[in-house]
(Lines give C-alpha, C1' and ligand atoms only; values in the text may rest on other atoms or scores of the structure.)
Protein backbone atom coordinates (compact mmCIF):
# COMPACT_ATOMS: atom_id res chain seq x y z
CA UNK A 1 0.00 0.00 0.00
CA UNK A 2 1.08 3.59 -0.49
CA UNK A 3 0.01 7.07 0.46
CA UNK A 4 -1.01 9.33 -2.41
CA UNK A 5 -2.90 12.59 -2.87
CA UNK A 6 -6.38 12.59 -4.36
CA UNK A 7 -7.70 15.75 -6.05
CA UNK A 8 -11.43 16.31 -6.37
CA UNK A 9 -12.26 18.81 -9.09
CA UNK A 10 -14.04 22.04 -8.28
CA UNK A 11 -16.45 24.09 -10.34
CA UNK A 12 -14.96 22.77 -13.56
CA UNK A 13 -17.20 19.71 -13.14
CA UNK A 14 -20.00 21.91 -14.52
CA UNK A 15 -18.22 21.96 -17.87
CA UNK A 16 -19.20 19.46 -20.55
CA UNK A 17 -17.43 19.48 -23.92
CA UNK A 18 -14.56 21.61 -22.52
CA UNK A 19 -14.06 19.60 -19.35
CA UNK A 20 -10.94 17.80 -20.58
CA UNK A 21 -9.35 21.15 -21.45
CA UNK A 22 -9.99 22.41 -17.91
CA UNK A 23 -8.57 19.20 -16.41
CA UNK A 24 -5.43 19.39 -18.57
CA UNK A 25 -4.90 23.02 -17.58
CA UNK A 26 -5.32 22.13 -13.91
CA UNK A 27 -2.75 19.34 -14.32
CA UNK A 28 -0.27 21.75 -15.94
CA UNK A 29 -0.80 24.29 -13.14
CA UNK A 30 -0.18 21.60 -10.53
CA UNK A 31 2.97 20.40 -12.27
CA UNK A 32 4.31 23.96 -12.49
CA UNK A 33 3.71 24.41 -8.77
CA UNK A 34 5.28 21.16 -7.51
CA UNK A 35 7.63 20.00 -10.29
CA UNK A 36 10.66 20.25 -7.98
CA UNK A 37 9.23 17.30 -6.00
CA UNK A 38 9.11 15.03 -9.08
CA UNK A 39 5.42 14.14 -8.92
CA UNK A 40 3.74 11.43 -10.95
CA UNK A 41 0.19 12.27 -11.93
CA UNK A 42 -2.64 10.18 -13.26
CA UNK A 43 -6.08 11.59 -13.95
CA UNK A 44 -9.49 10.86 -15.38
CA UNK A 45 -12.80 12.65 -15.84
CA UNK A 46 -13.57 12.68 -12.11
CA UNK A 47 -10.34 12.53 -10.09
CA UNK A 48 -6.65 13.32 -10.23
CA UNK A 49 -4.01 11.43 -8.25
CA UNK A 50 -0.54 12.67 -7.30
CA UNK A 51 2.14 10.16 -6.34
CA UNK A 52 4.93 11.85 -4.42
CA UNK A 53 7.74 10.89 -2.08
CA UNK A 54 6.22 10.58 1.41
CA UNK A 55 8.58 13.16 2.91
CA UNK A 56 7.10 15.85 0.64
CA UNK A 57 3.41 15.09 1.22
CA UNK A 58 2.68 17.95 3.62
CA UNK A 59 4.67 20.49 1.59
CA UNK A 60 2.87 19.55 -1.60
CA UNK A 61 -0.56 19.64 0.04
CA UNK A 62 0.13 23.20 1.26
CA UNK A 63 0.97 24.23 -2.31
CA UNK A 64 -2.12 22.52 -3.71
CA UNK A 65 -4.33 24.58 -1.39
CA UNK A 66 -3.41 27.65 -3.47
CA UNK A 67 -4.26 26.19 -6.89
CA UNK A 68 -7.61 27.19 -8.37
CA UNK A 69 -9.83 24.46 -9.78
CA UNK A 70 -9.40 22.11 -6.81
CA UNK A 71 -12.45 21.44 -4.67
CA UNK A 72 -10.88 19.05 -2.16
CA UNK A 73 -7.51 17.47 -1.39
CA UNK A 74 -7.38 14.09 0.33
CA UNK A 75 -4.39 12.16 1.62
CA UNK A 76 -5.26 8.55 0.79
CA UNK A 77 -4.12 5.04 1.34
CA UNK A 78 -4.09 3.22 -1.99
CA UNK A 79 -3.93 -0.48 -2.80
CA UNK A 80 -4.46 -2.35 -6.06
CA UNK A 81 -5.94 -5.29 -4.19
CA UNK A 82 -9.67 -4.57 -3.66
CA UNK A 83 -10.44 -7.51 -1.40
CA UNK A 84 -12.62 -6.95 1.65
CA UNK A 85 -9.69 -7.86 3.92
CA UNK A 86 -7.44 -5.25 2.32
CA UNK A 87 -10.13 -2.57 2.57
CA UNK A 88 -10.63 -3.30 6.26
CA UNK A 89 -6.88 -3.16 6.85
CA UNK A 90 -6.67 0.26 5.19
CA UNK A 91 -9.62 1.58 7.18
CA UNK A 92 -8.04 0.61 10.50
CA UNK A 93 -5.12 2.92 9.65
CA UNK A 94 -7.27 6.07 9.72
CA UNK A 95 -9.50 5.38 12.72
CA UNK A 96 -8.67 5.21 16.41
CA UNK A 97 -10.53 4.05 19.51
CA UNK A 98 -12.85 6.33 21.48
CA UNK A 99 -14.36 7.89 18.37
CA UNK A 100 -17.70 7.99 16.63
CA UNK A 101 -17.49 7.21 12.93
CA UNK A 102 -19.34 6.76 9.68
CA UNK A 103 -18.33 4.75 6.61
CA UNK A 104 -19.06 6.20 3.16
CA UNK A 105 -18.42 4.12 0.04
CA UNK A 106 -18.21 5.37 -3.53
CA UNK A 107 -18.17 2.43 -5.94
CA UNK A 108 -17.31 3.79 -9.41
CA UNK A 109 -16.22 0.27 -10.42
CA UNK A 110 -19.69 -1.19 -10.90
CA UNK A 111 -18.22 -4.63 -11.46
CA UNK A 112 -17.14 -4.79 -7.84
CA UNK A 113 -19.25 -7.55 -6.26
CA UNK A 114 -20.32 -5.72 -3.06
CA UNK A 115 -22.69 -2.76 -3.40
CA UNK A 116 -21.75 0.55 -1.79
CA UNK A 117 -24.21 0.52 1.13
CA UNK A 118 -23.51 -3.13 1.86
CA UNK A 119 -19.76 -2.55 1.88
CA UNK A 120 -20.16 0.42 4.25
CA UNK A 121 -22.17 -1.74 6.66
CA UNK A 122 -19.74 -4.66 6.50
CA UNK A 123 -16.66 -2.47 7.02
CA UNK A 124 -18.42 -0.64 9.85
CA UNK A 125 -19.15 -3.97 11.51
CA UNK A 126 -15.53 -5.02 11.17
CA UNK A 127 -14.29 -1.78 12.75
CA UNK A 128 -16.74 -2.03 15.66
CA UNK A 129 -15.58 -5.56 16.32
CA UNK A 130 -11.84 -4.95 16.07
CA UNK A 131 -11.28 -1.45 17.51
CA UNK A 132 -12.18 -0.61 21.09
CA UNK A 133 -14.79 1.94 22.14
CA UNK A 134 -16.10 2.90 18.72
CA UNK A 135 -19.63 4.08 18.08
CA UNK A 136 -21.49 4.66 14.82
CA UNK A 137 -22.89 8.15 14.23
CA UNK A 138 -24.26 8.73 10.74
CA UNK A 139 -25.23 12.36 11.43
CA UNK A 140 -22.25 13.98 13.19
CA UNK A 141 -19.31 11.54 13.43
CA UNK A 142 -15.86 12.44 14.71
CA UNK A 143 -14.37 10.63 11.70
CA UNK A 144 -15.68 9.85 8.24
CA UNK A 145 -14.10 6.78 6.69
CA UNK A 146 -14.26 7.25 2.91
CA UNK A 147 -13.81 4.27 0.61
CA UNK A 148 -13.55 4.70 -3.16
CA UNK A 149 -13.62 1.54 -5.25
CA UNK A 150 -12.20 2.26 -8.70
CA UNK A 151 -11.07 0.04 -11.55
CA UNK A 152 -7.39 0.44 -10.71
CA UNK A 153 -7.76 -0.18 -6.98
CA UNK A 154 -9.17 1.06 -3.68
CA UNK A 155 -8.62 4.42 -1.97
CA UNK A 156 -9.32 5.05 1.71
CA UNK A 157 -9.18 8.43 3.44
CA UNK A 158 -10.79 10.43 6.22
CA UNK A 159 -11.59 14.15 6.06
CA UNK A 160 -10.48 16.00 2.95
CA UNK A 161 -8.86 19.45 2.94
CA UNK A 162 -10.79 22.25 1.30
CA UNK A 163 -9.22 23.57 -1.89
CA UNK A 164 -9.48 27.05 -3.43
CA UNK A 165 -12.29 26.11 -5.83
CA UNK A 166 -13.03 28.13 -8.95
CA UNK A 167 -11.55 27.44 -12.38
CA UNK A 168 -7.91 26.64 -13.21
CA UNK A 169 -5.98 29.83 -13.92
CA UNK A 170 -5.48 30.31 -17.64
CA UNK A 171 -8.68 28.64 -18.83
CA UNK A 172 -10.72 31.80 -19.38
CA UNK A 173 -8.44 34.36 -20.97
CA UNK A 174 -6.18 37.14 -19.75
CA UNK A 175 -6.81 40.41 -17.90
CA UNK A 176 -4.76 43.51 -17.14
CA UNK A 177 -4.93 44.39 -13.44
CA UNK A 178 -4.41 48.02 -12.40
CA UNK A 179 -2.16 47.24 -9.44
CA UNK A 180 -1.46 49.90 -6.84
CA UNK A 181 0.35 49.45 -3.56
CA UNK A 182 -2.91 49.39 -1.59
CA UNK A 183 -5.02 46.63 -0.13
CA UNK A 184 -7.78 46.40 -2.72
CA UNK A 185 -6.26 45.82 -6.16
CA UNK A 186 -4.32 42.66 -5.31
CA UNK A 187 -7.48 41.17 -3.77
CA UNK A 188 -9.35 42.02 -6.98
CA UNK A 189 -6.63 40.16 -8.88
CA UNK A 190 -6.92 37.12 -6.62
CA UNK A 191 -10.70 36.93 -7.12
CA UNK A 192 -10.30 37.31 -10.89
CA UNK A 193 -7.74 34.51 -11.00
CA UNK A 194 -10.23 32.31 -9.16
CA UNK A 195 -12.49 32.62 -12.21
CA UNK A 196 -9.79 31.05 -14.38
CA UNK A 197 -8.28 34.29 -15.68
CA UNK A 198 -4.55 34.85 -16.10
CA UNK A 199 -3.37 38.28 -14.91
CA UNK A 200 -0.86 40.81 -16.18
CA UNK A 201 -0.29 43.94 -14.10
CA UNK A 202 0.02 47.65 -14.82
CA UNK A 203 1.55 50.01 -12.27
CA UNK A 204 1.76 53.79 -12.63
CA UNK A 205 4.95 55.23 -11.20
CA UNK A 206 5.86 58.88 -10.59
CA UNK A 207 9.55 59.02 -9.80
CA UNK A 208 10.90 60.96 -7.92
CA UNK A 209 7.57 61.76 -6.22
CA UNK A 210 7.13 58.04 -5.54
CA UNK A 211 10.00 55.86 -4.37
CA UNK A 212 11.71 52.71 -5.56
CA UNK A 213 10.49 51.17 -2.31
CA UNK A 214 6.94 51.76 -3.57
CA UNK A 215 7.85 49.89 -6.77
CA UNK A 216 9.32 46.99 -4.79
CA UNK A 217 6.13 46.89 -2.74
CA UNK A 218 4.06 46.48 -5.90
CA UNK A 219 6.42 43.80 -7.23
CA UNK A 220 6.00 41.93 -3.93
CA UNK A 221 2.21 42.15 -4.26
CA UNK A 222 2.37 40.79 -7.81
CA UNK A 223 4.51 37.91 -6.54
CA UNK A 224 1.83 37.10 -3.95
CA UNK A 225 -0.42 36.13 -6.85
CA UNK A 226 2.43 34.10 -8.32
CA UNK A 227 1.94 31.81 -5.31
CA UNK A 228 -1.58 31.15 -6.63
CA UNK A 229 -0.42 30.05 -10.06
CA UNK A 230 -0.07 33.36 -11.92
CA UNK A 231 3.09 34.11 -13.92
CA UNK A 232 2.05 37.29 -15.70
CA UNK A 233 4.10 40.35 -16.56
CA UNK A 234 4.26 43.64 -14.67
CA UNK A 235 4.10 46.75 -16.87
CA UNK A 236 5.53 49.79 -15.07
CA UNK A 237 4.35 53.09 -16.59
CA UNK A 238 6.40 56.28 -16.13
CA UNK A 239 3.57 58.62 -15.12
CA UNK A 240 5.54 61.60 -13.77
CA UNK A 241 5.12 64.05 -16.67
CA UNK A 242 1.42 63.31 -16.96
CA UNK A 243 0.80 63.75 -13.25
CA UNK A 244 2.84 66.95 -13.05
CA UNK A 245 0.94 68.39 -16.01
CA UNK A 246 -2.40 67.60 -14.38
CA UNK A 247 -1.22 69.16 -11.12
CA UNK A 248 -0.01 72.33 -12.87
CA UNK A 249 -2.77 72.93 -15.44
CA UNK A 250 -6.03 71.43 -14.17
CA UNK A 251 -8.56 72.20 -11.45
CA UNK A 252 -7.25 70.88 -8.09
CA UNK A 253 -10.50 69.23 -6.99
CA UNK A 254 -10.64 67.35 -10.33
CA UNK A 255 -7.05 66.14 -10.11
CA UNK A 256 -7.90 62.53 -9.13
CA UNK A 257 -10.64 62.35 -11.77
CA UNK A 258 -8.30 63.58 -14.52
CA UNK A 259 -5.47 61.34 -13.40
CA UNK A 260 -7.69 58.26 -13.55
CA UNK A 261 -9.02 59.22 -16.98
CA UNK A 262 -5.42 59.26 -18.21
CA UNK A 263 -4.69 55.95 -16.49
CA UNK A 264 -7.62 54.28 -18.22
CA UNK A 265 -6.52 55.56 -21.61
CA UNK A 266 -3.03 54.14 -21.02
CA UNK A 267 -4.39 50.87 -19.61
CA UNK A 268 -6.47 50.42 -22.76
CA UNK A 269 -3.39 50.94 -24.96
CA UNK A 270 -1.41 48.40 -22.93
CA UNK A 271 -4.28 45.89 -22.83
CA UNK A 272 -4.66 46.03 -26.60
CA UNK A 273 -0.92 45.83 -27.24
CA UNK A 274 -0.37 42.82 -24.99
CA UNK A 275 -3.63 41.00 -25.76
CA UNK A 276 -5.55 41.32 -22.49
CA UNK A 277 -9.28 40.71 -22.86
CA UNK A 278 -10.38 43.05 -20.06
CA UNK A 279 -9.07 45.59 -17.53
CA UNK A 280 -9.47 44.84 -13.80
CA UNK A 281 -9.34 47.27 -10.91
CA UNK A 282 -9.90 47.23 -7.16
CA UNK A 283 -12.66 49.84 -6.96
CA UNK A 284 -15.38 49.42 -4.35
CA UNK A 285 -18.46 51.61 -4.71
CA UNK A 286 -18.30 54.68 -2.51
CA UNK A 287 -15.09 53.77 -0.71
CA UNK A 288 -13.31 56.99 -1.78
CA UNK A 289 -14.24 60.09 -3.77
CA UNK A 290 -13.13 58.57 -7.11
CA UNK A 291 -15.36 55.53 -6.56
CA UNK A 292 -18.79 57.11 -6.41
CA UNK A 293 -21.06 56.03 -9.26
CA UNK A 294 -20.80 59.51 -10.81
CA UNK A 295 -17.00 59.41 -10.65
CA UNK A 296 -16.85 55.90 -12.10
CA UNK A 297 -19.08 57.04 -14.98
CA UNK A 298 -16.94 60.09 -15.76
CA UNK A 299 -13.68 58.12 -15.58
CA UNK A 300 -15.05 55.22 -17.64
CA UNK A 301 -16.14 57.57 -20.42
CA UNK A 302 -12.65 57.57 -21.95
CA UNK A 303 -12.70 53.88 -22.93
CA UNK A 304 -14.98 51.28 -24.45
CA UNK A 305 -12.73 48.50 -23.21
CA UNK A 306 -14.41 46.08 -20.75
CA UNK A 307 -13.70 47.07 -17.12
CA UNK A 308 -14.36 44.53 -14.36
CA UNK A 309 -14.56 45.52 -10.70
CA UNK A 310 -14.61 42.31 -8.60
CA UNK A 311 -14.81 44.31 -5.34
CA UNK A 312 -17.55 46.71 -6.36
CA UNK A 313 -19.98 45.53 -3.66
CA UNK A 314 -17.44 44.47 -0.99
CA UNK A 315 -16.95 46.54 2.14
CA UNK A 316 -13.48 47.34 3.43
CA UNK A 317 -13.51 44.78 6.24
CA UNK A 318 -14.40 42.00 3.78
CA UNK A 319 -11.53 43.07 1.51
CA UNK A 320 -9.07 43.17 4.42
CA UNK A 321 -10.15 39.67 5.47
CA UNK A 322 -9.29 38.27 2.03
CA UNK A 323 -6.01 40.24 1.95
CA UNK A 324 -4.97 38.64 5.24
CA UNK A 325 -5.99 35.21 3.96
CA UNK A 326 -3.84 35.45 0.83
CA UNK A 327 -0.88 37.04 2.60
CA UNK A 328 -0.91 40.47 0.95
CA UNK A 329 -2.19 42.64 3.81
CA UNK A 330 1.11 43.20 5.64
CA UNK A 331 2.78 44.22 2.38
CA UNK A 332 -0.08 46.53 1.37
CA UNK A 333 0.13 48.55 4.58
CA UNK A 334 3.85 49.31 4.22
CA UNK A 335 4.18 53.13 4.30
CA UNK A 336 5.34 53.78 0.73
CA UNK A 337 3.13 56.14 -1.28
CA UNK A 338 2.06 55.38 -4.84
CA UNK A 339 0.99 57.95 -7.41
CA UNK A 340 -2.64 57.73 -6.29
CA UNK A 341 -1.75 59.08 -2.84
CA UNK A 342 0.51 61.98 -3.82
CA UNK A 343 -0.81 65.41 -4.90
CA UNK A 344 -4.18 64.50 -3.35
CA UNK A 345 -6.41 67.61 -3.16
CA UNK A 346 -7.92 68.65 0.17
CA UNK A 347 -11.45 68.36 -1.24
CA UNK A 348 -11.57 66.02 -4.26
CA UNK A 349 -14.78 66.26 -6.27
CA UNK A 350 -17.28 63.51 -5.38
CA UNK A 351 -19.72 64.04 -8.25
CA UNK A 352 -17.61 65.31 -11.17
CA UNK A 353 -19.23 66.85 -14.23
CA UNK A 354 -18.32 65.09 -17.47
CA UNK A 355 -18.40 68.20 -19.63
CA UNK A 356 -16.17 70.06 -17.18
CA UNK A 357 -13.73 67.13 -17.20
CA UNK A 358 -13.59 67.21 -20.99
CA UNK A 359 -13.02 70.98 -20.88
CA UNK A 360 -10.03 70.40 -18.57
CA UNK A 361 -8.42 68.19 -21.22
CA UNK A 362 -8.72 70.58 -24.17
CA UNK A 363 -5.13 71.82 -23.87
CA UNK A 364 -3.62 68.57 -22.60
CA UNK A 365 -0.81 67.11 -24.71
CA UNK A 366 -2.05 63.56 -25.30
CA UNK A 367 1.30 62.66 -26.87
CA UNK A 368 2.45 62.24 -23.27
CA UNK A 369 0.34 59.06 -23.07
CA UNK A 370 2.09 57.49 -26.06
CA UNK A 371 5.43 58.58 -24.63
CA UNK A 372 4.61 56.79 -21.37
CA UNK A 373 3.62 53.59 -23.18
CA UNK A 374 6.74 53.74 -25.37
CA UNK A 375 8.91 53.95 -22.25
CA UNK A 376 7.18 51.14 -20.42
CA UNK A 377 9.31 48.92 -18.18
CA UNK A 378 8.36 45.23 -18.34
CA UNK A 379 9.15 42.84 -15.51
CA UNK A 380 8.67 39.15 -16.32
CA UNK A 381 7.54 37.57 -13.05
CA UNK A 382 7.77 34.06 -14.46
CA UNK A 383 11.49 34.34 -15.06
CA UNK A 384 12.01 37.12 -12.50
CA UNK A 385 13.94 39.28 -14.98
CA UNK A 386 15.46 42.21 -13.13
CA UNK A 387 14.19 45.67 -14.05
CA UNK A 388 17.05 47.75 -15.40
CA UNK A 389 15.56 50.31 -17.76
CA UNK A 390 14.47 53.88 -17.48
CA UNK A 391 15.93 54.90 -14.07
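A few points about this structure:
- Set 32, 58: member being surrounded by fewer than 16 Cβ atoms within 10 Å (Cβ to Cβ), within 20 Å of residue 164 (Cα to Cα) and without any contact (Cβ under 8 Å) to a residue 12 or more places away in the chain: 58
- Of all the residues in the stretch 174-208, those that are in a loop (DSSP other than H, G, I, E, B) and within 19 Å of residue 373 (Cα to Cα) number 5.
- Of the set (1) assigned to a helix (DSSP H, G or I); (2) out of contact with any helix residue (DSSP H, G or I) (no Cβ under 8 Å at 6 or more places or on another chain), all apply to residue 335 but (1).
- Residue that is crowded, with 16+ Cβ neighbours inside 10 Å and in contact with a strand residue (DSSP E or B) (Cβ under 9 Å, 6 or more places away or on another chain), where the choices are 96, 115, 102: 102
- Residues of the stretch 173-205 satisfying the condition of being touching a helix residue (DSSP H, G or I) at 6+ places or on another chain (Cβ under 7 Å) and more than 22 Å from residue 273 (Cα to Cα): 181, 182, 183, 184, 186, 187, 190
- Hits in the stretch 67-84 - residues which are out of contact with any strand residue (DSSP E or B) (no Cβ under 7 Å at 6 or more places or on another chain) and surrounded by fewer than 16 Cβ atoms within 10 Å (Cβ to Cβ): 81, 83, 84
- Complete set of residues in the stretch 60-80 that are in contact with a helix residue (DSSP H, G or I) (Cβ under 7 Å, 6 or more places away or on another chain) and over 11 Å from residue 6 (Cβ atoms): 60, 63, 67, 68, 69, 79
- Tally of residues being surrounded by fewer than 19 Cβ atoms within 10 Å (Cβ to Cβ) and in contact with a helix residue (DSSP H, G or I) (Cβ under 9 Å, 6 or more places away or on another chain) across the stretch 274-288: 6
- Number of the condition not met by residue 49 [criteria: (1) under 23 Å from the mean Cα position of the chain (by Cα); (2) within 30 Å of residue 120 (Cα to Cα); (3) modelled with pLDDT under 95]: (3)
- Per-region count, the stretch 346-368, residues part of a loop (DSSP other than H, G, I, E, B) and touching a helix residue (DSSP H, G or I) at 6+ places or on another chain (Cβ under 9 Å): 13
- Any hit, the stretch 141-159, residues being in contact with a strand residue (DSSP E or B) (Cβ under 9 Å, 6 or more places away or on another chain), in a helix (DSSP H, G or I), in contact (Cβ under 8 Å) with a residue 60 or more places away in the chain and surrounded by 17 or more Cβ atoms within 10 Å (Cβ to Cβ): no
The values are calculated or read from the model by the stated rules, or taken from the named source; none is laboratory data. This structure is a prediction, so every number in the text was calculated from the model and none was measured. Every residue, glycine as well, gets a Cβ built from its backbone with ideal geometry; the counts of neighbours run over all protein chains shown.
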